[in-house]
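Visitor: Let me give you the structure first, and then I'll get to my questions.
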Amino acid sequence: MTPVFRFAPSPNGLLHLGHAFSAMLDHALARALGGRFLLRIEDIDVTRCRPEYEAAIGDDLDWLGLDRDGPLRRQSEHFGAYREALERLRAAGLVYPSFLGRGEIRLRVAAAEASGVPWPRDPDGAPHYPGGERQLAPAAAAERLAREPHPVWRLDTAKALSHVGRLTWLETGAGPAGEHGRIAADPSVWGDPVLARWEVPTSYHLSVVVDDAAQGVTHVVRGRDLFHATGLHRLLQALLGLPEPVYHHHRLITDATGRKLAKSAADTALAHLRAEGATPDDVRRIVDWPATERDLERLNRVLRRTV
């Protein structure tokens, strides 16, 4: 089986040094294993994603010398596939409509915490959803939908977990605490995550597993900030009957304060550095690419064992 890797940025800003490191690692491992390197444009947020940023992504990858194997996949062209996946989960009774807005959620959580009750939060720090719609009888849910036809669709995580066995994934990189090897997945840390909103028929979590399966991705190489999301992705893969890729979470490129780079930090944007006269070799030096050739070869050896 030919290994398939993908680089999947969102065109809502300019790529920065962190994106460069991830793309270079993806590309290097794909080529070292005789595999394919795909580009996916994650543009489900049609209000923030812009064509000029997508064009800039291509320019940056060309400048870095990262050739791609086609075809390019744009998420905005595949909303139908995400709707179909959501409908399968709805038909199985594993998602439910929720109606609390962000402001109402904040008020409920704040009231609970003010009374001394600790509120569970997901790995990104967001509070678990506090509503009780998952307990609504079908008739009551239908009546509520008739009055409020634009809900947020959430996964009933506890019910979903009862449909699958023990979930794990193979980690060839490292998590925040150095976790590697066969990792036990714990999707419950996300509460009942959003899978779709009325204005967008999908979410990052749902679309990414559908896309990886559709593109035949065998190795997911991405930043360590997405390590905990893998447990939720494994649950969705199991529920939808999708294949399990190998995962490799890599170190993050940070600023002088140790914070993860953001697209709002224009001074780390590749386009800005290029305009200032930087070269691709300068970028590799800045991100310590690779720390030594031995480090890259070690990654290659680990990943070869998964092919």
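Visitor: Considering each residue of segment 76-120, count those that are under 24 Å from LEU161 (Cβ atoms), aliphatic (A, V, I, L, M), within 21 Å of the chain's Cα centre (by Cα) and assigned to a helix (DSSP H, G or I), and give that number.
Guide: The total comes to 3.
Visitor: Looking at segment 11-59, which of its residues are of a type in the set (Asp, Glu) and more than 27 Å from TYR82 (Cβ to Cβ)? First the steps, then the outcome.
Guide: Residues of segment 11-59 of a type in the set (Asp, Glu): 26, 42-43, 45, 52, 54, 59.
Correct list: ASP59 only.
Visitor: Here is a list: LEU195, LEU206, LEU170. Which entry is touching a strand residue (DSSP E or B) at 6+ places or on another chain (Cβ under 7 Å), in a strand (DSSP E or B) and farther than 22 Å from LEU252 by Cβ? Quick ask: steps written out before the conclusion?
Guide: Numbers: LEU206 fails: in a strand (DSSP E or B); LEU170 fails: farther than 22 Å from LEU252 by Cβ.
Result of the check over LEU195, LEU206, LEU170: LEU195.
Visitor: Does any residue of segment 31-51 turn out to be of a type outside the set (Gly, Ala, Ser) and under 22 Å from ASP282 (Cβ atoms)?
Guide: First pass over segment 31-51, keeping only residues of a type outside the set (Gly, Ala, Ser): 31, 33, 36-51.
When the remaining residues are screened for being under 22 Å from ASP282 (Cβ atoms), the result is 31.
Yes: one or more hits.
Visitor: Oh, and also: Would you mind stating whether THR168 is surrounded by fewer than 18 Cβ atoms within 10 Å (Cβ to Cβ) and polar (S, T, N, Q)? Walk me through it before giving the result.
Guide: On the way: surrounded by fewer than 18 Cβ atoms within 10 Å (Cβ to Cβ): yes; polar (S, T, N, Q): yes.
It is true that THR168 is surrounded by fewer than 18 Cβ atoms within 10 Å (Cβ to Cβ) and polar (S, T, N, Q).
Visitor: Between ALA160, ALA140, which is modelled with pLDDT under 95 and either surrounded by 16 or more Cβ atoms within 10 Å (Cβ to Cβ) or outside any loop (DSSP other than H, G, I, E, B) (or both)? Step through it out loud before you land on a result.
Guide: Details: ALA160 fails: modelled with pLDDT under 95.
So the residue among ALA160, ALA140 that is modelled with pLDDT under 95 and either surrounded by 16 or more Cβ atoms within 10 Å (Cβ to Cβ) or outside any loop (DSSP other than H, G, I, E, B) (or both) is ALA140.
Visitor: Just one of (1) aliphatic (A, V, I, L, M); (2) in contact with a strand residue (DSSP E or B) (Cβ under 8 Å, 6 or more places away or on another chain); (3) in a helix (DSSP H, G or I) trips up ALA56, so point out which.
Guide: Unmet for ALA56, out of (1) aliphatic (A, V, I, L, M); (2) in contact with a strand residue (DSSP E or B) (Cβ under 8 Å, 6 or more places away or on another chain); (3) in a helix (DSSP H, G or I): (2).
Visitor: While we're looking at this one, here's another question. Kindly establish whether ALA174 is among the hydrophobic types (A, V, I, L, M, F, W, C), modelled with pLDDT of 95 or more and surrounded by fewer than 20 Cβ atoms within 10 Å (Cβ to Cβ). Can you show your working first?
Guide: Details: among the hydrophobic types (A, V, I, L, M, F, W, C): yes; modelled with pLDDT of 95 or more: no; surrounded by fewer than 20 Cβ atoms within 10 Å (Cβ to Cβ): yes.
The answer is no for ALA174.
Visitor: Continuing with the same structure: Output the residue which, of all residues in segment 210-259 that are surrounded by fewer than 15 Cβ atoms within 10 Å (Cβ to Cβ) and assigned to a helix (DSSP H, G or I), is modelled with the highest pLDDT.
Guide: ALA214
The values are calculated or read from the model by the stated rules, or taken from the named source; none is laboratory data. None of the values given here were measured: they were computed from a predicted structure. Ideal geometry is used to build each Cβ from the backbone, glycine not excepted, and the neighbour counts take in all protein chains shown.
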